[in-house]
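Asks: I have a structure I would like to understand better, so I am pasting it below and will then ask my questions one at a time.
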Amino acid sequence: MPALDNQSDYWNSTGTAKTFGHPLHPEWLARLDRAAAVLDYGCGYGRLAGELAVLGFTDVEGVDIAPELVARARAEQPAARFTVLTDPPRLAHPDGTLDAALLFAVLTCVPGDDGQRELVAELHRVLRPGGLLYVSDLCLQPDARNRDRYAEFAERYGRYGVFETGDGAVCRHHTREWLDELLGAFEPVAERELPVRTMNGRPAVATQLLVARR
């Protein structure tokens, strides 16, 4: 994965102090057996793994590129397994062996088209037919602050919606058309929009999509 789509230096330093708040909608996972194999890609400090454990899921793994975040996840969520990715987005799982994968506020942190395609293709590979992919991320935000920074960085990164944060990350907000294209190998199941806080504590509207592997 290109360095811009990895940004491991950021996530192993400044990023370790971030808080992630996209909420999990348990009803979307109701069709899964509690012994289902569930992967949280970009797990950070293990928040979602902890929520899944509370819901009764017993086979939960989180993966992330940041060893510091994974160490915190292991300490705070001992009921789940956590793995540091050394060659993202490649996973050690065989084809078609996972029942569900979560991708919460991860595409925002992978600004390039090719990096996003590679990531989604890898998740498609490891999910079984009918397996669920639960995506929560940010589409283009309508407020003036975001519109200004989309315009400011569009030429530099060749994509409207990619921008630099004040503390060293490069992030991306998406058009819905792009998300639909990116997830084209999956069957739509459900969608919703809801208010969230970004990793820097600002209000935003998240788009959540539940899709199934064809």
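Asks: Once you have the Kirkwood Rh of the stretch 102-163 from its Cα pairs, apply Stokes-Einstein at 4 °C and 1.567 mPa s and quote D in µm²/s. Before the final figure, lay out the partial values.
Replies: On the way: Rh = 13.2 Å.
Here the translational diffusion coefficient equals 98 µm²/s.
Asks: I need the shape label for the stretch 1-96. Rule: rounded when a/c is under 1.5, else prolate if a/b > b/c, else oblate, with a, b, c from the alpha carbon gyration tensor.
Replies: Working: a/c = 1.92, a/b = 1.47, b/c = 1.31.
Because a/c hits 1.5 or more and a/b exceeds b/c, the stretch 1-96 counts as prolate.
Asks: Where the Cα atoms of the chain are projected onto their three principal axes, how long is each span, largest first, in whole Å?
Replies: Cα extents, longest axis first: 47, 35, 30 Å.
Asks: Might you work out the accessible area of Tyr157 for me, using a 1.4 Å probe with all protein chains in place, and round it to the nearest 10 Å²?
Replies: Surface accessible to solvent at Tyr157 totals approximately 70 Å².
Asks: Whole angstrom only: what separates the Cα centroid of the stretch 1-24 from the Cα centroid of the stretch 124-176?
Replies: So the separation of the two Cα centres works out to 13 Å.
Asks: Okay, next question. Beyond 18 Å, how much of the Cα-Cα pair distribution for the stretch 27-154 remains, as a whole percent? Don't skip to the end; give the middle numbers.
Replies: Numbers: 4505 of 8128 pairs.
Roughly 55 percent, once rounded to a whole number.
Asks: Given a 1.4 Å probe and heavy atoms of the protein chains only, how would you sort Ser136, Ser8, Ser13, largest accessible area at the top? Don't jump to the answer; show the numbers that get you there.
Replies: Details: Ser136 0, Ser8 40, Ser13 65 Å².
Of Ser136, Ser8, Ser13, the descending order of accessible area is Ser13, Ser8, Ser136.
Asks: Counting only residues 5 or more places away or on other chains, whose amide H sits under 5 Å from the amide H of Val162 once H atoms are built in the peptide plane?
Replies: Here His173 satisfy the definition.
Asks: Stretch Glu68-Ala144 to full length: gain in nm at 0.36 nm per residue minus the Cα-Cα span?
Replies: Details: separation 76, 0.36 × 76 = 27.36 nm, distance 3.46 nm.
Working it through step by step, the gained length comes to 23.9 nm.
Asks: Further, regarding this structure: Please compute the alpha carbon radius of gyration of the stretch 30-75, then divide it by the globular-protein estimate 2.2 N^0.38 Å. Two decimals is fine.
Replies: Numbers: Rg = 10.7 Å, N = 46, 2.2 N^0.38 = 9.4 Å.
Cα-based Rg divided by the globular estimate yields 1.13.
Asks: Need one word for the stretch 132-214: rounded, prolate or oblate. Basis is the Cα gyration tensor (sqrt eigenvalues a ≥ b ≥ c); a/c below 1.5 gives rounded, then a/b vs b/c decides.
Replies: Numbers: a/c = 2.37, a/b = 1.64, b/c = 1.44.
Prolate is the answer for the stretch 132-214, as a/c is 1.5 or above and a/b outweighs b/c.
Asks: Continuing with the same structure: With a probe of 1.4 Å, find how much accessible area the stretch 126-174 has per residue, and write the answer as a whole number in Å². Working shown, then result.
Replies: Working: 2130 Å² over 49 residues.
Here the per-residue accessible area is 43 Å².
Asks: Quick check on the chain: helices-only [θ] at 222 nm, where DSSP H runs of length 4 and up contribute -39,500 (n - 2.57) each and the sum goes over total residues. Nearest 500, please. Don't skip to the end; give the middle numbers.
Replies: Details: 6 runs with 57 residues, N = 214.
-7500 deg cm²/dmol, from helical runs alone.
Asks: Ignoring ligands, DNA and RNA, how do Asp33, Asp113 rank by accessible area with a 1.4 Å probe, largest first? Could you put the intermediate results ahead of the total?
Replies: On the way: Asp33 100, Asp113 35 Å².
Highest to lowest solvent-accessible surface, that is Asp33, Asp113.
The values are calculated or read from the model by the stated rules, or taken from the named source; none is laboratory data. These numbers come from a predicted model, not from an experiment. The protein model used for the area step is the full one, side chains on, heavy atoms only, and it has no ligands, DNA or RNA in it. Shrake-Rupley method; radii C 1.70, N 1.55, O 1.52, S 1.80 Å.
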